[in-house]
1. Can you tell me which residues in the range 160-182 are surrounded by fewer than 19 Cβ atoms within 10 Å (Cβ to Cβ) and free of Cβ contacts under 8 Å to residues at least 24 places away in the same chain?
2. Residues that are in contact (Cβ under 8 Å) with a residue 40 or more places away in the chain, at least 1 per element: which helices (runs of 4 or more DSSP H) completely within the range 371-446 meet that?
3. Which of the strands (runs of 3 or more DSSP E) contained wholly in the range 195-312 include at least 3 residues that are surrounded by fewer than 22 Cβ atoms within 10 Å (Cβ to Cβ) and away from ligand 1 (no atom under 16 Å from the Cβ)?
4. Take the residues in the range 596-615 that are aliphatic (A, V, I, L, M) and within 16 Å of ligand 2 (Cβ to nearest atom), then tell me which one is farthest from the chain's Cα centre (by Cα).
5. I need the full set of residues from the range 343-370 which are more than 18 Å from Thr553 (Cα to Cα), touching a residue at least 24 places away in the same chain (Cβ under 8 Å) and either hydrophobic (A, V, I, L, M, F, W, C) or buried (at least 21 other Cβ atoms within 10 Å of the Cβ) (or both), in order please.
6. For the subset of the range 5-18 comprising residues that are within 11 Å of ligand 1 (Cβ to nearest atom) and touching a residue at least 24 places away in the same chain (Cβ under 8 Å), which member is nearest to Leu48 (Cα to Cα)?
7. Among (1) under 23 Å from Leu197 (Cα atoms); (2) surrounded by 20 or more Cβ atoms within 10 Å (Cβ to Cβ), where does Arg124 come up short?
8. Got a sec? Which of Ala587, Ala596, Ala556 is in contact (Cβ under 8 Å) with a residue 24 or more places away in the chain, outside any strand (DSSP E or B), within 15 Å of ligand 1 (Cβ to nearest atom) and over 20 Å from Pro292 (Cα atoms)?
Amino acid sequence: APTPEPPYLRGLNPPQREAVLSAEGPVLVLAGAGTGKTAALTARLAHLVATRRAWPSEILAVTFTNKAAREMKERVARMLGDAGEGMPWLGTFHSIAAKMLRRHAELVGLESNFTILDTDDQLRLLKQLIVAADLDEKRWTARSLAGLIDRWKNRGLVPSEIDAGESEAFANGRGQDLYAAYQARLRAVNACDFGDLLLHMLTILKKHRDVLELYQQRFRYIMVDEYQDTNSSQYLWLRLLAQSRKNICCVGDDDQSIYSWRGAEVANILRFERDFPGAKVIRLEQNYRSTPHILAAASALIANNGGRLGKTLWTDAADGEKVRVIGVWDGPEEARRIGEEIEAAQRRGGKLDDMAILVRAQFQTRELEDRFIAIGLPYRIVGGFRFYERAEIRDALAYLRVIAQPADDLAFERIVNVPKRGLGDKAVAKLHQHARAEGVPLTLAAARILDTDELTGAARKALGRLVADIASWRDRLSQLPHAELARQMLDESGYTAMLQADRSAESAGRLENLAELARAMEEYETLPAFLEHVSLVMDNDADRDAAKVTVMTIHAAKGLEFDTVFLAGWEEGVFPSQRALDEGGLASLEEERRLAYVAITRARREAIIMHAANRRIYGQWTSSLPSRFVAELPDEHVDAETTMTGGESLWRAQWSEHDDPFAHVARARPDQAATRGPGWQRAAVAGLDTRPARVLEARASAASYAAKPRGDLAIGQRVFHIKFGYGTIAEIEGNKLEIDFEQSGRKRVLDSFVSPAN
Ligand code: ATP
Ligand code: MG
């Protein structure tokens, strides 16, 4: 009788089986989203162990996240039963490299208990070196040096391998020296940074044949998931380890390469076939995850990218729902609508754990979080801090707490030297002593210590300035809207300048988050009411195991799947991001499009794309265009709806070819192949101002009201505001109105959003 099929092969299709069963020799599985690459890789691991080709400890399996590693371990354990035969080396590149490096640390001058530095430590160290090198640390920031060193490490380059041209990138050729000095410092304090984990292991494997052979012998089989996102140093490391046995199986999808900013190179996929001649290339074409509409929409979208390896995808799943595209008036309405849709899905039997909201940028989560708190919808934020827990937000909140609550010592301690104002540990220790001796809070002790001679000149001056600032902010609290005060405070304290001075990618995000914070404050009557709200938000995560909807960035969602996926903020400037548009290159636009592809293909049954016609960005209302990616989805797979009333026709104009104010661009620039569709989209690519003419006219006339208030409004009149509803005009100043709203109290608004009510 034929032997029964092992459980791990059950249900796999022929090419998946081939990937599982081709144990010997190099294998590359290249396939689209949801085709069961990760599933095949997991089965392969089970197969290798079950057929005694290797002990678990002789298998190296690299996943992209620790979460994925955990899931794979669980699945393999389920397939095999726990035979107590040790565990495979299963984890991220970093976790595996760290484990190896602990064993061989002395070969790169470290002890095995070395510390892995976090970003803050790393920056502090770099800054010391920059100052020691007599460079202007404002012009040559620690952050940009960190970024540069990171990129070198991602490419597997040690200091001696940096050529003069590359070194130019920092402080007129000092980059290489600083890199070397940094590595020496790290060694001196028995530490390494994230990039070193791989780089040191690479150095060791290159220099020490015996170590290399040890691991080449040990790892009979090597497997890599999400291969498209490996960077050069990861690739070199894999190649060394796999060189003698050549039993390496990589699975990936060039269309899902979304980490080029972190040094990932799709070229590694092409390199694989060169470095491992005779590699078996397997393609999986059946998608098991999504409905046909979702799959077709995603495939059509990604077809707009050039230079793809190209692949076919099909599914035999039943039709299901079309991708829904919902246009709403503004950001808060988007959050409201998503909340409603989630509750409706729950009523249909959907589980919160099977739903996710994916955003392009972290700052987008704040509006969602506030809404979910308001309606009591449990949520979790994955792969990032929840909005109010981010460092810059906590700093800003600490300032606000000091203003609102003079006895809040914890808040004062947090900000006393942030941004750096020369109040070192010694000065702060003295302040503490003083406060304890007098039994008063730190802010008060700070004021009093200035009357003594306990502090030296510089510290005294710095503290004096801070004390005066705090006093002045407290004064202004009663005169200014508190959101406005927050903005002034961030500027005057030097906090904004600190972020502006460092021109890294994160700092732009931090500034956006702070703007978003001030915006959030506007919705609360008083500063204490706002702070109260925040403490409630912070407490929201008490129940860790309860069912929750997941909120995360698209980047963090890679490899995951959910029944229902909401894709928020599909607007030009949000997604594709403003940065991608500013950089302008086709490459960055195509990376955004791959992100969009990853986003849609996370959905099993329902994909719901949202876009708002108005967004507050940096505290300013901007009318926004639906993302070009929306227009790239074929009509037959999309159900579009708009919930807008006011301004609807204006918004529709962006969609209609006849009414396309930029139709001439489409005719004049047929070479603008980067985007298809109406002229306004091509114009966007060409860098023209694509706001429909009517938007511009509306803006211009709104601006003219500044000098000339519209004649139809008067103090005491009842009006309707697009966002805040009904209210009565209390003051008129040019085009700005103070209105007492019936729902939300007094607010200052622009008259263009207001119409007379009866
Ligand atoms: P991604 O590119 O997004 O990482 P993937 O190719 O790794 O996707 P998997 O996550 O492995 O895809 O599989 C997608 C879904 O299809 C999972 O729910 C998985 O359980 C299911 N699946 C995979 N292979 C099969 C199969 N042969 N039969 C039925 N379901 C399958
Ligand atoms: Mg996968």
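1. Ser160, Glu161, Asp163, Ala164, Gly165, Glu166, Glu168, Ala169, Asn172, Gly173, Ala180
2. Helices (runs of 4 or more DSSP H) meeting the threshold: 391-404, 409-415.
3. Qualifying strands (runs of 3 or more DSSP E): none found.
4. Step by step, filter the range 596-615, then rank; the result is Ala603.
5. Ala345
6. Quick first cut of the range 5-18, residues within 11 Å of ligand 1 (Cβ to nearest atom) only: 9-17.
Checking which are touching a residue at least 24 places away in the same chain (Cβ under 8 Å) leaves us with 9, 12-13, 15-16.
On the way: Leu9: 12, Leu12: 16, Asn13: 18, Pro15: 17, Gln16: 15 Å.
Result: Leu9.
7. Single failed check for Arg124: (2).
8. Answer to the selection: Ala556.
The values are calculated or read from the model by the stated rules, or taken from the named source; none is laboratory data. No experiment lies behind these values; they were computed from the predicted model shown. Ideal geometry is used to build each Cβ from the backbone, glycine not excepted, and the neighbour counts take in all protein chains shown.
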